[in-house]
1. I'm trying to understand the selection: among the residues of the range 9-44, which are surrounded by 14 or more Cβ atoms within 10 Å (Cβ to Cβ) and not in a helix (DSSP H, G or I)?
2. Kindly indicate the residue of the range 45-65 that is free of Cβ contacts under 8 Å to residues at least 12 places away in the same chain and open to solvent by less than 100 Å² (accessible area, probe 1.4 Å) and also nearest to ALA8 (Cα to Cα) among those meeting that condition.
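The values are calculated or read from the model by the stated rules, or taken from the named source; none is laboratory data. Because the structure is a prediction, the values reported are computed rather than measured. Don't worry about glycine lacking a Cβ; one is built from the backbone with ideal geometry, like all the others, and counts go over all protein chains shown. For the accessible areas, the whole protein counts, side chains as well, though only heavy atoms, and no ligand, DNA or RNA atoms are used. Shrake-Rupley method; radii C 1.70, N 1.55, O 1.52, S 1.80 Å.
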Amino acid sequence: MVINHAGALRTEYFIAYMNLIMNAFECSVEQARNLTFERLFQSKEDYLGNESYRQFLKAYEAIKQ
């Protein structure tokens, strides 16, 4: 998936990405969250900006329920 660094990524993007990870690797939500954080954020909360990180956390909360 291509990331545009010009703006904040939306919750829906992160939900779709984590679902893709879970399907591809047959892993749990927690593992998908960790892989997403490592791959997209380079394990740094501010790598894609604070708003994208907030949306990522929001997506994680939505998907784990």
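1. Matches in the range 9-44: LEU9, ARG10, CYS27.
2. LEU57
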